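Engineer: Take this structure first; my questions come after.
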Amino acid sequence: MNHMKDRNQDRRGNILRRISGAVRGRAAALSAAALFFALVLLQMPASAAAPSLDKLPLSKAEAVYIYNTDNDRVLTQKNAEKRIYPASTVKIMTGLICCEFFSGRLDERITVTDKMLSVVDGRHMGLKAGDRPTVRDLLYLGFCGCFNDAIAVMEFTLSGSDASFVALMNARAAEIGMTDTFYTNATGVHNDNMYTTARDTALLAVEAMKSGLYMTVTSAVSYTTEGISKPFSFDNYNRLIASGGYRNSLCRGMNAGNTPNAGYAAVTAAEKNGLTVVSVVMGAQTDDYNNNYSYILTTGLLEWAFASFGNVDVFSTSSVICEVPVDLALDTKTVIAVPERSVSYFLPLSVKISPRAENDAGQGGVRGGETGNAETEEYDITYRYRLTCDSLDAPVPAGTRVGFLTVYYLGAQIDSVPLVTKSPVSKSELLYVFDRVREFTKSDFFIGMLITAAGATVIYIVASAVIRGSRPGNGKKRPRRNPSRKNGGDRLGGGTPGRR
């Protein structure tokens, strides 16, 4: 049977890999020794040694697409828009449609017919007309074991014909946004008219991840059928999932396979440190030692991605951005302004963050008490703040918005965060009274009173002068009376009258 032939091929491949390892250890060429070192490096934990992207053998693959689903970020790519043959990645679309259609019907049995088997080509396990496998068995046979006869049974049951099912596939591709994809069959058997891109395949993978049933089926290490007359056991055809030398415990699903025209392809999702990365490697090669570079590159690229990217804390709610003047405060003249929320971004872990937040005038505060020479160093993350007030009047509650902090990555704005006061500021009653008096003296009412009083004073002075000037005899001197005349007239010598 064909599945026995596939197993024999797998065993021969494992033997060849062991032999090639021994050869490399003894008398291989320098290039083979370098390759062996790279393979060892890829199998080391990220904490021990993170592979460098420029040292990965990317030339061994036609197209690569590494995508972080959490942050909608493409981490690296190669020929992502180039049209290539899809090979077995076609089964991701087939599996998505089948899992959605048959969900809730896993124990239902389907009778195999000759019409279904008439379109079977490529890898198959040997289903016969009259067999009655369960839907569950068919799903695992088709998308864990990648047996094309199981897929043919499902597509005919679902749509009635191979052509109708392919039409569903292309319609769904359009819905997903796969603008450079065209399918001609449900299994990926080579057809010159069939094409896709690494980018489109990543879009498909993200969509397939939404199906819990599909991810469960394609992430199974192995499976044994239960609904067929004779139990049949098999390993996951994706060697990133199955037990063996290429297994990667971080990976979940999705598909791996090859055709002579398309080369080797591997599509998977991996999770680590709360991040999810989709990896697409297509058109990969094997070498003289039977090393499969679709698997080698997938593991290397995932290790690189998780070691090189992550959520970087840029600042927190306790990061000091600047100080805002406060009037009428009891025991301070300023209040600290901090971000209203903590901020972290998915960035290269080697990113350089400026220690200073500058304002629009080019002046800055020190972030979180850090030090640094922002004038002479270049930073990937920079930020500027703008206050919406010149000063505040006490009392000031904690959390009062006073401005905005704009964040830039490589010169492009990526966020804007409100600035708020870190702590409350109490009011000084004495200063408050003085300030009220000061403000009163600046009021229009007070100024009007002053003008009125001054005008009244001027009027009073002028009126008084006018009144004095209008009295009788004004301006003429009166004659001074002689006091002696009052006592009886003039007498020579003065004194008292003499006696007779």
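Engineer: Considering segment 255-275 alone, what residues qualify as being touching a strand residue (DSSP E or B) at 6+ places or on another chain (Cβ under 7 Å) and in a loop (DSSP other than H, G, I, E, B)?
Structural biologist: Within segment 255-275, Ala262, Asn273 qualify.
Engineer: Now for a separate question. Looking at (1) touching a helix residue (DSSP H, G or I) at 6+ places or on another chain (Cβ under 8 Å); (2) within 23 Å of Asn236 (Cα to Cα); (3) at pLDDT 95 or above; (4) surrounded by 18 or more Cβ atoms within 10 Å (Cβ to Cβ), can you tell me which one Arg123 breaks?
Structural biologist: In the conditions (1) touching a helix residue (DSSP H, G or I) at 6+ places or on another chain (Cβ under 8 Å); (2) within 23 Å of Asn236 (Cα to Cα); (3) at pLDDT 95 or above; (4) surrounded by 18 or more Cβ atoms within 10 Å (Cβ to Cβ), Arg123 misses (3) alone.
Engineer: Do you know which residues across segment 208-237 are under 28 Å from the mean Cα position of the chain (by Cα), hydrophobic (A, V, I, L, M, F, W, C) and surrounded by fewer than 20 Cβ atoms within 10 Å (Cβ to Cβ)?
Structural biologist: Those that are under 28 Å from the mean Cα position of the chain (by Cα), hydrophobic (A, V, I, L, M, F, W, C) and surrounded by fewer than 20 Cβ atoms within 10 Å (Cβ to Cβ): Met209, Leu213, Met215.
Engineer: Filter segment 276-305 down to residues that are assigned to a loop (DSSP other than H, G, I, E, B) and not charged (D, E, K, R) and give me whichever is farthest from Gly263 (Cα to Cα).
Structural biologist: In this case the residue turns out to be Tyr289.
Engineer: Taking into account only those residues within segment 392-415 that are in contact with a Pro (Cβ under 6 Å, 6 or more places away or on another chain) and loosely packed, with under 13 Cβ neighbours inside 10 Å, which is nearest to Pro339 (Cα to Cα)?
Structural biologist: Per the criteria, the residue is Ala398.
Engineer: Among the residues of segment 152-173, what is the count of those that are of a type in the set (D, E, K, R) and closer than 23 Å to Leu106 by Cβ?
Structural biologist: Within segment 152-173, residues that are of a type in the set (D, E, K, R) and closer than 23 Å to Leu106 by Cβ number 2.
Engineer: Can you pull out the strands (runs of 3 or more DSSP E) entirely within segment 381-500 that have at least 1 residues that are at pLDDT 75 or above and in contact with a helix residue (DSSP H, G or I) (Cβ under 9 Å, 6 or more places away or on another chain)?
Structural biologist: Answer list for segment 381-500: 381-387.
Engineer: In segment 287-322, how many are within 13 Å of Lys422 (Cβ to Cβ) and either loosely packed, with under 15 Cβ neighbours inside 10 Å or without any contact (Cβ under 8 Å) to a residue 40 or more places away in the chain (or both)?
Structural biologist: Looking only at that region, the number is 3.
Engineer: Residues in segment 190-203: is at least one touching a helix residue (DSSP H, G or I) at 6+ places or on another chain (Cβ under 8 Å), aromatic (Phe, Trp, Tyr) and modelled with pLDDT of 95 or more?
Structural biologist: No: segment 190-203 contains no residue that is touching a helix residue (DSSP H, G or I) at 6+ places or on another chain (Cβ under 8 Å), aromatic (Phe, Trp, Tyr) and modelled with pLDDT of 95 or more.
The values are calculated or read from the model by the stated rules, or taken from the named source; none is laboratory data. Predicted model only: the values in this text are computed from it and were never measured. Positions of Cβ are generated from backbone atoms using ideal geometry, with glycine treated the same way; all protein chains shown enter the neighbour counts.
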